[in-house]
Amino acid sequence: MISVCTTLAISESTDRYKSSFGLRITPGADLPLAGSERYFEPGLLARASFLFTPEPIYPFNISASMEYGRNTRYGEDEQFLSKFALTAGGGVNLKLLPWLSFFAGAEGGYSVCMMDTDDGETGTAGIPVVTVTAGPSIDFLPALSLNINASYQAFLGLSNSLGISAGLTYRFKDKLNIQGRPILEGLPPKIINLEFDEIFPVFYKYYDDNPAGTAIILNPREDEITDISLDFYVNQYMDSPKRCTVPETLAPGETGNVDIMALFNNSVLGITEGTKVAAELTLNYKIDGVQYTDAHSETMRMQYRNAMTWDDDRRAAAFVTAKDPAIMGFAKNVASMLHESRSSSINKNLQQAIAIHNALTLYGLTYVIDPTTSYADLSSSETAIDFLQFPRETLEYRAGDCDDLSILHCALFEALGMETAFITVPGHIFMAFALGIPPAEASRTFYNRENLIVMEGKVWIPMEITALKDSFIEAWDLGARQWNEHNPTGKTGFFPIRTAWQYYEPVGLPGEGGRISMPPVEKVVEIFQEELSVFISREMNPQIERYKGEIERNQGRPKSYNKLGVLYARYGQNDEAVKQFESALENEDYFPALLNLGNINFIEDRMDEARGYYSRAQIIQPENPSVNLCLARTSHSLGDAVSTSEYYEIVKNLDSELAARFSYLDSDKADSGSRASNINDSEGIVLWEEEEEE
């Protein structure tokens, strides 16, 4: 049988949330085959099918049909075969595209067949019947589809038919969305595919702008929903619900993706063991102008406060709590111990780093590898959870592994205003601190320049934080060795803390903690002076020999004397420096030596003498930005505001970057707080002048 049919389906919801019911009416025509064509000619067919689709077994359905067919006996115009059948079975409807489906089904049952005979009688017989149907369905309107199906039907022992159908399906209240889920009248919008990420308390500020999870809002209705909003809330750990960004409207069958944001409070930092919490999602929307609200509750897991994964090494910056009172107290106490011992000629950050390193050693801090959560084991996995200590905890425990010690060092240095960074190499993490000077100045100041890291215009000193039993110089050398070994292979990571804080803000550890006792002042100062002396000797001795040899070879050229004088001056040996600068001036007013003698007097607070040397240097090079800056600084120290402004304006016109480093000299700068900060930052900066190499 070949059938061409039109299908009318009327669907109603028998269970508001779980199932659908439909009626399909199919008129058509059939073509006998497989020998039946010798007895019967093509005929007509009509079928009514009842369809039931329980949602738990979707996309499968259950069907029952009533059928009537009529064929003419071959060669007998007035003799007919009439068939009445009742069948039942099932099928499957697969959604291929938003507008295209594929249906296949089979039914079996019993029929009553009546056939006219040659003697004018009508014979009646009961015969089993089987029908198999398959074909595509095209949705060209929300409730109207075009069907093209092929079917096979067998009335066992009587006839066989092949069918092809082309018809229409009309759905009053039933359609399929793009995911192929049934959308039934009365269903509210749904939150589906809800997934929460691992929630780490230490990043509780991060989740305000970055998703804590994702979900999909589904509109399973014939109506458009509008004015959609979704609020997320966790009792105890949030002060108020957080409004998430969602699509404003959803068309029938449409879905929208949602990033779930959460503004947690610092109560989450009280979680010392992982726990499960109830998360509430409130979905608000309108249908035909009427406001509706649906509440959903889901379980969400929160990790403990010290938990972190190493999928992004910058995350550890959240533990660098430089403003923790215990950290600030330790760092500033150590810095104050240097008040009488610090050299005004040596980089301030370097001296503070030496003091902090030795103070931690005297404090009894030790390096201990955690066998269960070592950085070497966990850093290679993006999902393994590590236990990281807050800096205060490391001070209280007086122990930590490499990540804990790196966090503590960074926090202490940042508490003193020093920029820091994490350095990672395979299986290890350590840190670096910035010197706060330009690369050009560092190259003139440090002899072992291979022990420095120049990154993004800043000069950094790498420091192996586990070398607590070694001197600062040895810890520096170890850090530099690891960097120089791994950096050429591309296996190093360098993460400035202040940049990382833009993504992972530091959080304050609750409570005050235990009292932290400081190491003896006299021991800190004693070891600091010893280390500083070793550093000076290491830097100076090879350079002194080199410059003395250069003076001898060049027969006392001013340039060579000046270079040796600058070396002495950089390391606080001012008397030796003056001798070399005066030797450079024996035959002429040599500009670099004049400027540098002015610097010596400026350092030793002899401002009138300093201005005299600077003025002589300015006569030689009136457009030199350095000498004009030195005159501005001296005038400021002498209280001469007019001269300060005049010289500083010259510097701004000649070298704006240099002027910015000493912005406290700007008379237009009204913010006294920023002026004071700039004075403090520029304290100890001396512009030593050297003639460039030819």
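The values are calculated or read from the model by the stated rules, or taken from the named source; none is laboratory data. This is a predicted model, so every value here is computed, not measured. FYI the Cβ positions are ideal-geometry reconstructions off the backbone, even for glycines, and counts take in every protein chain you see. Note: areas computed on protein heavy atoms with side chains; ligands, DNA, RNA excluded. Shrake-Rupley method; radii C 1.70, N 1.55, O 1.52, S 1.80 Å.
Details
- Ile600, Ile216, Ile57, reordered so the largest accessible area comes first (probe 1.4 Å): Ile57, Ile216, Ile600
- The convex hull of the Cα atoms of segment 453-608, projected and averaged over all directions, covers 15.7 nm².
- Two-site FRET efficiency, Asp197 against Phe84, from Cβ-Cβ distance with R₀ of 45 Å, rounded to 0.05: 0.15
- Pairs from the table (Lys458/Lys652; Lys348/Lys548; Lys332/Lys548; Lys348/Lys523) lying more than 30 angstrom apart at Cα are Lys332/Lys548.
- Taking 0.36 nm per residue of separation and subtracting the Cα-Cα distance, full extension of the segment from Glu530 to Asp208 would add 111.0 nm.
- Charge sum, other residues only, whose C-beta stays under 12 Å from Leu509's C-beta, Lys/Arg counted +1 and Asp/Glu -1: -1
- Portion, in percent, of the accessible area of the chain that falls on carbon or sulfur, probe 1.4 Å: 51 percent
- Net charge in the neighbourhood of His296 (other residues with Cβ under 11 Å of its Cβ; Lys, Arg +1, Asp, Glu -1) is -3.
- The residues neighbouring Glu195, those whose beta-carbon lies less than 13 Å from its own, together hold a net charge of -3 under the Lys/Arg +1, Asp/Glu -1 convention.
- Projected-area mean, segment 249-324, by convex hull of Cα positions, square nanometres: 8.3 nm²
- Per-residue HN-Hα couplings for segment 602-617 [Karplus 6.51, -1.76, 1.60; θ = phi - 60°; Hz; x = Gly/Pro]: 5, 4, 8, 6, 9, 5, 5, 5, 4, 4, x, 5, 5, 5, 4, 5
- Dipole-positive endmost among Ser240, Ala262, Phe203 within segment 201-279 (Cβ charges, Cα centre): Phe203
- Solvent-accessible surface of protein heavy atoms, probed at 1.4 angstrom with all chains present, puts Arg221, Arg498, Arg449, Arg314 in the order Arg449, Arg498, Arg314, Arg221, largest first.
- Once the gyration tensor of the Cα atoms in segment 252-291 is diagonalised, the equivalent ellipsoid follows with semi-axes of 34, 12, 10 Å, ordered largest first.
- Leading residue at positive end of dipole, the chain (Cβ point charges), from Val454, Pro391, Phe413: Pro391
- Cα shape, segment 429-540, gyration tensor, a/c 1.5 rule: oblate
- Each Lys and Arg adds +1 at its Cβ and each Asp and Glu adds -1 at its Cβ; summed about the Cα centre, the chain shows a dipole of about 840 debye.
- Partners for Lys242 among lysines (Cα-Cα distance below 30 Å; same-chain residues under 8 apart left out): Lys190, Lys205, Lys276, Lys286, Lys323
- Cβ-Cβ FRET estimate between Leu96 and Ala64, R0 fixed at 35 Å, reported to 0.05: 0.85
- In a simple Cβ point-charge model (Lys, Arg +1; Asp, Glu -1; nothing else charged), segment 191-282 has a dipole of about 340 debye relative to its Cα centre.
- Working from label points 7 Å from Cα in the Cα-to-Cβ sense, the Thr124 to Asn653 distance is 12.1 nm.
- For segment 206-352, diffusion coefficient by Stokes-Einstein and Kirkwood Rh (Cα), 10 °C, 1.306 mPa s, µm²/s: 82 µm²/s
- Multiplying the residue separation of Asp470 and Phe387 by 0.36 nm and subtracting their alpha-carbon distance yields 27.2 nm.
- Theoretical ellipticity at 222 nm over the chain - DSSP helices of four or more residues, -39500 (n - 2.57) apiece, nearest 500: -9500 deg cm²/dmol
- Segment 337-413, dipole about Cα centre (Lys/Arg Cβ +1, Asp/Glu Cβ -1), debye to the nearest 20: 560 debye
- Extension gain for the segment Glu340 to Asn257, taken as residue separation times 0.36 nm less the Cα-Cα distance, is 23.6 nm to one decimal.
- Over the C-alpha atoms of the chain, the Rg to Rh ratio, Rh being the Kirkwood estimate, stands at 1.30.
- Principal axis analysis of the Cα atoms in segment 83-151 yields extents of 57, 20, 18 Å, listed in decreasing size.
- In the chain, taking the dipole from charged Cβ atoms about the Cα centre, the farthest positive-side position among Gly28, Leu250, Trp688 is held by Gly28.
- Evaluated at q = 0.25, 0.32 Å⁻¹: base-10 log I(q)/I(0), Debye formula over Cα of segment 502-544: -0.88, -1.06
- Taking all protein chains into account, the per residue accessible area for the chain stands at 46 Å² (1.4 Å probe).
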